[in-house]
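Single-structure report; data block below.
The values are calculated or read from the model by the stated rules, or taken from the named source; none is laboratory data. All values reported here derive from a predicted model rather than from experimental measurement. Glycine gets a Cβ as well: all are built from the backbone with ideal geometry, and neighbour counts include every protein chain shown.
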Ligand SMILES: [Zn+2]
């Protein structure tokens, strides 16, 4: 392969900082998208027509991941099938502007530091191209959120105020509601352990109904707690009605739901209920669940 364009954002040669082949994998470091590993077979998938308008989601996701973890993001089949439909893409230009402000904030090691942002780094704001990114930067300057010198930017006083608002909004929603089966035996312990460990690592507080005193008002309590939650993990092992109800209720409120199920129970879901349109994390033990949940939460749920 002699091309060194980025497979995601199609930026040309000069913006691809590094390109390595290792067997069937290619490791790309793109000035825009960050660093990723991609299998040659997956590259074919990316060039399909129905994926064209989703590439910017992958660019934004990988950029955020690389900025945070300083390691390449692996683009697998499951990323394409399961993760992309669940990524929390900024829904309007204000959320995109918040992404730029948060980027500046995280790069700022001392107040007033000028941070270089190039036009080609539009994945920072999940923008679709350079033009859109320039527009967002211009609006941030117009609204006095940022100040600029040449290609460098820094947070202004208004920008710092907005950062503390963003952090407050996100702090309100630290809670994750866990909807699950409570059998009399210990068979669900691996689920609870894995889920709680993953949430601890992403800085979320789990709410499990069983952990609280039950009384007649339990339904009101459940509904109140779901409303308070940033997102829900709903596990369908055991096929409990309450889990379907709670997940349905959360989705109705627009609260993101991560669907999980023990792998040996998954076929039964397919027969009995129609949640197949949602991709389930299939887990075998607590360690497996923890790892998969961690990836899903970091990629799809805002964590700051
Ligand atoms: Zn790229």
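Structure summary
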| read-out | value |
| --- | --- |
| Strands (runs of 3 or more DSSP E) fully within the stretch 1-105 counting 1 or more residues that are touching a helix residue (DSSP H, G or I) at 6+ places or on another chain (Cβ under 7 Å) and within 12 Å of the ligand (Cβ to nearest atom) | 25-30, 34-39, 73-75 |
| Flag if residue 193 is modelled with pLDDT of 90 or more, in contact with a helix residue (DSSP H, G or I) (Cβ under 6 Å, 6 or more places away or on another chain) and farther than 30 Å from residue 95 by Cβ | yes |
| Options 66, 29, 4, 76; residue that is outside the structural domain of residue 118 (by TED's automatic domain parsing), without any contact (Cβ under 8 Å) to a residue 60 or more places away in the chain and closer than 26 Å to residue 162 by Cα | 66 |
| Matching residues, the stretch 106-135, being under 19 Å from residue 8 (Cβ atoms) and in a helix (DSSP H, G or I) | 122, 123, 124, 125, 130, 131, 132, 133 |
| Hits in the stretch 116-133 (condition: away from the ligand (no atom under 13 Å from the Cβ) and more than 18 Å from residue 95 (Cβ to Cβ)) | 116, 119, 131 |
| Residue match in the stretch 173-195 (condition: in the same structural domain as residue 241 (by TED's automatic domain parsing), surrounded by fewer than 17 Cβ atoms within 10 Å (Cβ to Cβ) and in a helix (DSSP H, G or I)) | yes |
